[in-house]
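What follows is calculated from the coordinates using simple rules that are stated; it is not laboratory data. Note that the structure is a prediction, hence the values are computed from the model and not measured. With ideal geometry, Cβ positions are generated from the backbone for all residues, glycine too; neighbour counts draw on all protein chains shown.
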Amino acid sequence: MAEKGSYTAAEIKVLEGLEGVRRRPSMYIGSTGKDGLHHLVYEVVDNSVDEALAGYCKKIIVTINKNGSVTVEDDGRGIPVDTHPTLKLPAVEVALTRLHAGGKFDKKTYAISGGLHGVGVSVVNALSEKLVVDVKRDGKVYSQEYSRGQTKTKLKEIGKAEGTGTTITFWPDPEIFSTTTFDYKVLETRFQEIAFLNPGLKITLIDDEKNKKEEFYSAGGLIEFVKWLNRSKEALHKPIYFKKDIDHTVIEVAIQYNSSYQENIFGFVNTINTVEGGTHVSGFKTALTRAINDYAKNKNLLRDESLLGDDVREGLTVVLSLKMEEPQFEGQTKTKLGNSEIKGFVDSAVTKALSEFFEENPAIARKIT
Ligand code: 0RA
């Protein structure tokens, strides 16, 4: 590359960045197996979801194509195409060929993401044998193609557009992944979650191979999520719901007991499903046990004995969603929240909210106890 003498220092850094992604893909997407493969889709969809959270995107369409690629289309503002002042490249090309490229993509690293998650669309580009981006902006459609992170064609104007948006189609690289076949069910589960966690957003999943199509949409968010989780059970009360925004951390919780003995706690951090739990879930459990025992003792529903954690979680269904800066993800699959300060934070927020709820809703409180 150096002997050609045509690369600027900045461009060399770019290539090194994405070369690094190809050398150690697991550092960026967790694995090169089935999970890592699906992570590519989430990575692209996350960018569209961010555009939706910013208030500019109403729907996202994800298509598993017959040719083995996946297309993610949104009706957001479209990735900017104007020339980057120092790199002298279209902004969209910078976004796709630079690790952690500027603006919005930078913000992702602290606002709503961390660890392996939210690494950006350039990582998907690096790990795809081919990627095509189409941008609709200013009445025009622009298109550019890449391969394994490298630019293949200049950004071209290919037609006229109504409206705005971004469409990314990528072919996962068989040199990197042990499997390149997408699983409808895996994507379906994740999009269902994303829809509940982002009320108002419409996500359509299409499988052109299997001729399947499904729409995910929730107006009610977490309240609907917890009801949906209990859909085949007998619910004991209307969901308990609260949301608090304290020092840049947002905690949102929906709780509904059912008549079974199962415990079902779903934790999310920045919309990532923390299947291994973590400090947010332990803080919640501590608070629930305390709030119920305190209420029961105050109302003389219990004598000297206390209810144990396992007791108060019989028949419990919970969705706990946390939005925070700089989450630390640990564990085998990096889905366990490690931030130690979060346990006490969630504990005190939930204790306070639940105690208030119990005082205001004695019928539900008695039923639960
Ligand atoms: C940077 C700036 C702007 C939008 C986006 C990125 C953007 C990125 C993606 C990725 C997938 N879909 C997207 N939609 C938008 C805002 C540009 C402006 O001010 O118009």
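Quick notes
- Sorted peptide list for 41-48, 253-260, criterion being average Cβ within 10 angstrom, highest first: 41-48, 253-260
- Taking the stretch 287-365 and dividing mean pair separation by its residue count, relative contact order in percent (alpha carbons under 8 Å, at least six apart): 38 percent
- Legend: calculated FRET efficiency, residue 243 to residue 366, from the Cβ-Cβ distance at R0 = 22 Å, rounded to 0.05, equals 0.30.
- Each residue of the stretch 241-253 is assigned a 3J(HN,Hα), and the resulting list reads 9, 8, 9, 9, 10, 10, 6, 6, 10, 10, 10, 9, 9 Hz, derived from the Karplus form 6.51 cos²θ - 1.76 cosθ + 1.60 (θ = phi - 60°), x at Gly and Pro.
- The chain, relative contact order in percent, only Cα pairs under 8 angstrom and at least six apart counted: 15 percent
- Hypothetical label at residue 310: residues of the stretch 257-280 whose amide nitrogen lies under 18 Å (7 Å Cα-Cβ projection): 260-265
- For residue 269, distant residues with modelled amide H under 5 Å away: 274, 322
- Residue-wise HN-Hα couplings along the stretch 321-331, as the Karplus relation 6.51 cos²θ - 1.76 cosθ + 1.60 with θ = phi - 60° gives them from phi, are 10, 10, 10, 8, 8, 6, x, 10, 9, 10, x Hz; Gly and Pro carry x.
- Our estimate of slack between residue 31 and residue 179, defined as 0.36 nm per intervening residue step minus the Cα-Cα distance, is 52.2 nm.
- As a rough guide to protection, the peptides 304-313, 85-94, 266-275 ranked by mean Cβ packing within 10 Å, highest first, stand as 266-275, 85-94, 304-313.
- Annotation for residue 232 and residue 156: the two label points, set 7 Å from Cα along the Cα-Cβ direction, are 5.1 nm apart.
- Calculated from backbone phi, Karplus (6.51, -1.76, 1.60) coupling profile of the stretch 65-75 in Hz, x at Gly/Pro: 8, 4, 7, x, 8, 10, 10, 10, 10, 10, 10
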